[in-house]
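Following: one structure in structure tokens, then a few remarks.
The values are calculated or read from the model by the stated rules, or taken from the named source; none is laboratory data. Computed from a prediction, not measured in an experiment: that's the story for all the values here. Cβ atoms come from the backbone with ideal geometry, glycine included; neighbour counts cover every protein chain shown.
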Amino acid sequence: MKRILKLVMPCDIERIIQTKKNDPISNVLMGSLLLNNQPHSVYFKFYSLKEGNRGLLNEILGYLYGTISNIPQPEFAGVALVPTKMLRPFYQLLTKEMREYVDQEETLPAFFTTAATSTHYEFHTLNDWLRNQILKWKDFNKAVVFDEVIANTDRYPRNLIHTGDNLFCLIDNGFLATEDNNNPNWNYSSLQPQLNYSNQLASINQNEIESDVRKGNRFISVAEDYFLSHQHLLPEMKFWIDHFATDNKKDWQSFLSFLQWRTDNVNELISNRYGLLG
């Protein structure tokens, strides 16, 4: 099986350097690694290893889903096994829980993505200028539908990379199917496939869509045209689940079923969100 995401061994992590955090709970650092013997600058994001933590696999499944929805996202991504000795110079930047892992483990898995020259925003930065930039973005409708399908509730401005005039790239799929912005850990028993979870991008022009059925119908058209089945990705999804699930793997089977229902019924989800006739 040829995988989309890369698995990078400790010997191929070249260096770690500090980066500015745009929220108090993330463990994000910049660095470089080798892929096919070529160096690449990347962002590393570390998640809790506790049983039941969903963050790392949420990122993995979200990125894979992005490859079938044709939304702009980092050029490549994967999981790197980072030697904890390389994290010690940044010990105080890490959360208390992550510092404990650094003390106890030899390596830690991190989700990594390409580092690009672009503009990052703070958590609450959505002024009129940025709002207009987002609304003029040619892939805005796609991005709204994508977040609806994967139930990403955390697509605040900090999780959009501004790559050019009216151009953006989506990052960070760590928070899926949860309304708690401090906790990425959905519970399999509370997954609700038919629910319109909070969709931060959709809220940017919610009132406009509800008052203009033509704009709403464009979302329906996007939902019908571009979202495909993820069945061909299941072998890779199961590979990552087998390697990094910290709890009952049946929970993740429930989550894959949750995603498939939302994929198959995205027209209904978008119609319900905007009060449209699907």
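Given the residues Leu201, Leu191, which is the only one that is at negative phi and out of contact with any strand residue (DSSP E or B) (no Cβ under 9 Å at 6 or more places or on another chain)? Give the derivation first.
Values: Leu201 fails: out of contact with any strand residue (DSSP E or B) (no Cβ under 9 Å at 6 or more places or on another chain).
So the residue among Leu201, Leu191 that is at negative phi and out of contact with any strand residue (DSSP E or B) (no Cβ under 9 Å at 6 or more places or on another chain) is Leu191.
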(request) Determine, yes or no, whether Gln260 is touching a His at 6+ places or on another chain (Cβ under 9 Å), part of a helix (DSSP H, G or I) and not aliphatic (A, V, I, L, M). (result) yes
(message) Based on this model, can you work out whether Leu34 counts as surrounded by fewer than 17 Cβ atoms within 10 Å (Cβ to Cβ), more than 24 Å from Asp242 (Cβ to Cβ) and at pLDDT 95 or above?
(response) yes
(message) Six or more apart or on different chains, Cβ atoms under 6 Å: show the pairs whose first residue is in segment 256-270 and within 15 Å of Leu233 (Cα to Cα) and assigned by TED's automatic domain parsing to the domain that holds Leu233 and whose second is modelled with pLDDT under 95 and assigned to a helix (DSSP H, G or I).
(response) Thr263/Val149
(request) Could you list all residues from segment 56-76 that are surrounded by fewer than 20 Cβ atoms within 10 Å (Cβ to Cβ) and farther than 20 Å from Glu148 by Cβ? (result) Pro74, Glu75, Phe76
(request) Determine which single condition Arg131 fails, assuming it passes every other condition in (1) touching a residue at least 40 places away in the same chain (Cβ under 8 Å); (2) of a type in the set (D, E, K, R); (3) closer than 17 Å to Val28 by Cα. (result) (3)
(request) Would you tally the residues in segment 49-77 being at pLDDT below 90 and either among the β-branched types (Val, Ile, Thr) or in contact with a strand residue (DSSP E or B) (Cβ under 9 Å, 6 or more places away or on another chain) (or both)? (result) 2
(request) Inspect all residues belonging to segment 250-269 and state whether any of them is over 30 Å from Ser48 (Cβ atoms), out of contact with any Asp or Glu (no Cβ under 7 Å at 6 or more places or on another chain) and of a type in the set (S, T, N, Q). (result) yes
(message) Yes or no: segment 219-235 includes at least one residue that is more than 14 Å from the chain's Cα centre (by Cα), buried (at least 17 other Cβ atoms within 10 Å of the Cβ) and assigned to a loop (DSSP other than H, G, I, E, B).
(response) yes
(request) Name the one entry in Ile60, Ile68 that is part of a helix (DSSP H, G or I), touching a Leu at 6+ places or on another chain (Cβ under 9 Å) and under 20 Å from Leu35 (Cα atoms). (result) Ile60
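Could you check segment 83-106 and list, in sequence order, the residues that are of a type in the set (S, T, N, Q) and surrounded by 16 or more Cβ atoms within 10 Å (Cβ to Cβ)? Lay out the reasoning, then the answer.
We begin by selecting, within segment 83-106, every residue of a type in the set (S, T, N, Q); these are 84, 92, 95, 104.
Thr84, the sole residue that qualifies.
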(request) For segment 43-79, enumerate the residues that are over 12 Å from the mean Cα position of the chain (by Cα) and acidic (Asp, Glu). (result) Glu51, Glu75
(message) As an exercise: evaluate Val213 against (1) more than 18 Å from Ile150 (Cβ to Cβ); (2) in contact with a strand residue (DSSP E or B) (Cβ under 8 Å, 6 or more places away or on another chain) and give the number of the one condition it does not meet.
(response) (2)
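Grab the helices (runs of 4 or more DSSP H) fully contained in segment 80-196, keeping just those with 1 or more residues being more than 20 Å from Phe255 (Cβ to Cβ) and not assigned by TED's automatic domain parsing to the domain that holds Gly55.
Qualifying helices (runs of 4 or more DSSP H): 128-135, 140-150.
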